[in-house]
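Structure, as structure tokens:
The values are calculated or read from the model by the stated rules, or taken from the named source; none is laboratory data. Predicted model, so just to flag it, every value in this text is computed and none were measured. Don't worry about glycine lacking a Cβ; one is built from the backbone with ideal geometry, like all the others, and counts go over all protein chains shown. Ligands, DNA and RNA are excluded from the accessible area calculation, which covers all protein heavy atoms including side chains. Shrake-Rupley method; radii C 1.70, N 1.55, O 1.52, S 1.80 Å.
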Amino acid sequence: MTPDREQLRETARRVAGAVADPEIPVLTIADLGVLRDVRVLESGIEVDITPTYCGCPAMTMIALEIELALEKAGLGRPKVVTVLSPAWTTDWMSDEGRAKLKDYGIAPPQKGAGRRALFGVDTVACPQCGSTDTAAIADFGSTACKALWRCNTCREPFDYFKCH
Amino acid sequence: MTSIRLADTPLLTYVLRRADDALVLGHRLSEWCGKAPLMEEEMALANMGLDLIGQARALYTYAGEVEAKGHDEDALAYLRDERAYRNLLLVEQPNGDFALTMVRQLLYAAFVDPYWRAMMASRDTTLAAIAAKAEKETAYHLRHSAEWVVRLGDGTAESRRRAERALAQLWPFTDELFHTDEIEREMIATGVAVDPATLRDTWRTTVAGVLARATLTMPEDGWMQSGGRGGRHSEHLGHLLAELQYMQRTIPGATW
């Protein structure tokens, strides 16, 4: 790749990566690991994204936001491609992303997302006070990727980004 | 809008069967919207439905690519008649009460979770990729429905009565999970598909374990109902499709 193209690719990657997740706006798609690849081709720029969950309704929105962001940056309209493999996992979330989530009041997913036992018990630290004396209220929360928990120490309910 | 007709090629039919399972059950779960017994369950049922419809979308999109006649996910979901649908009879059974919905979910998830996990090794790379996403989602569905079946079976006299009734009502539809026909056998032989018969023991162990915790008795295998894979459905699917397809049949190509 010529230096110009490499530079263009880096710029496009930065611009696309800065697109915020519409459901958790403190996270960018780069933080989440949803942005997989950016290619500079003769025909234009191609951006690969991967869905977190199969039915994640944010994907259409994210694709649209990428198109808008790249056009606004003068890079033309990109082709946004959804790739399924390798399957997204919460382990792809950057450390910066985890810290941002916690500051936002959402308990970040634990690393090493393995398979859970059918009747397993997770330990999740409260993002407000740090206590691990917490309990699950519901395994399915306000979005496909979150569960609803409660802290028994500070008594605050909180969202937990589920391991996946 | 007239229905589309598809060729009965093995891979296309194989993919459509899985897509139809996911869409029909996802639609059933969506019918709970606004009617669930409590707020958390409202979210859980909608979330599980969303996962399944998401899986269906990926599978229909792939089926459209396999067919290569320009049918997209919407055409395949909205423009096929009841007889062209190839889903399991289990997933089209009406929601009934909450116990029936949860028992239905358990019986399906206890099969499809290990199914997708095994399909991650499929020689078909698209199916393997879809499987890798789906198995993470179905693991949550299995856990959620299992926890509810335990609560209902080991709950009040009334919840127990309903769980028992649901189990008796749905049991005859469980054998179909493990059926194979010529299409499936061809897909198994070429390494595309997993032989569902190899998952029967896992399924039985999971279901038996949950029922034991729920203090419920595992039903005896009696007359087992089948037909969905060949397009012979119970009377319920036509009604479901009438609602699902109404808009696209009335105003073809409507978008918003």
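Quick notes on this structure:
- Note on chain B: dipole from Cβ charges, positive end direction compared against B:Ile188, B:Met43, B:Gly253; the farthest Cα belongs to B:Met43.
- Helices that extend 15 Å or more along their long axis by alpha-carbon positions and average at least -1.0 on the Kyte-Doolittle scale are, among the DSSP H runs of chain B, B:10-30, B:39-67, B:98-119, B:125-153, B:200-213, B:236-250.
- Contact order for chain B, expressed relative to its length and based on alpha carbon pairs under 8 Å spaced 6+ residues apart, stands at 26 percent.
- Counting only Cβ charges, +1 for Lys and Arg and -1 for Asp and Glu, the dipole size of the stretch A:93-161 around its Cα centre is about 140 debye.
- Chain B - mean residue ellipticity at 222 nm from DSSP helices (-39,500 (n - 2.57) per run, n ≥ 4, rounded to 500): -21000 deg cm²/dmol
- Within the protein assembly as shown, percent of DSSP bridges classed antiparallel, to nearest 5: 75 percent
- The relative contact order of the stretch A:51-164 comes to 22 percent, based on Cα pairs under 8 Å that sit 6 or more residues apart.
- Contact order, relative form, for the stretch B:1-79: 39 percent (alpha carbon pairs under 8 Å, 6 or more residues apart, mean separation divided by residue count).
- Applying Stokes-Einstein at 37 °C and 0.692 mPa s to the Kirkwood radius of chain B, computed over alpha-carbon pairs, gives a translational diffusion coefficient of 177 µm² s⁻¹.
- Mean projected area of the convex hull spanned by the Cα atoms of chain A, taken over all viewing directions: 10.3 nm².
- Per-selection Kirkwood Rh - the stretch A:93-161 (Cα, Å, 1 d.p.): 12.3 Å
- Interatomic Cα distance distribution for the stretch B:40-149, bins of 10 angstrom, percent: 13, 40, 36, 10, 0
- For chain B, a simple Cβ point-charge model (Lys and Arg +1, Asp and Glu -1, everything else neutral) yields a dipole of about 160 debye relative to the Cα centre.
- Share of carbon and sulfur in the accessible area of the protein assembly as shown stands at 53%, probe radius 1.4 Å.
- B:Lys69/A:Thr123 FRET efficiency (R0 51 Å; Cβ-Cβ; nearest 0.05): 0.50
- Label-zone membership for the stretch B:110-137, site B:Thr190, 7 angstrom Cα→C-beta point, backbone N under 15 Å: B:122-128
- Heavy-atom accessible surface that B and A bury in contact, both chains counted, 1.4 Å, Å² to 100: 2600 Å²
- In this structure, A:Glu10 and B:Met39 have a Cβ-Cβ separation that, at R0 = 45 Å, corresponds to a calculated FRET efficiency of about 0.45.
- Max mean-square fluctuation residue, GNM over chain B, Cα-Cα springs under 10 Å, options B:Met102, B:Met48, B:Met224: B:Met224
- Size of electric dipole in the protein assembly as shown: Cβ of Lys, Arg +1 and of Asp, Glu -1, about Cα centre, debye, nearest 20: 360 debye
- DSSP beta bridges in chain A [antiparallel fraction, %, rounded to 5]: 75 percent
- At q = 0.06, 0.07, 0.14 Å⁻¹, base-10 log of I(q)/I(0) for the protein assembly as shown (Debye sum, equal scatterers on each alpha carbon): -0.26, -0.36, -1.37
- By the compact-protein rule of thumb, 2.2 N^0.38 Å, the alpha-carbon radius of gyration of the stretch A:3-88 corresponds to a ratio of 1.02.
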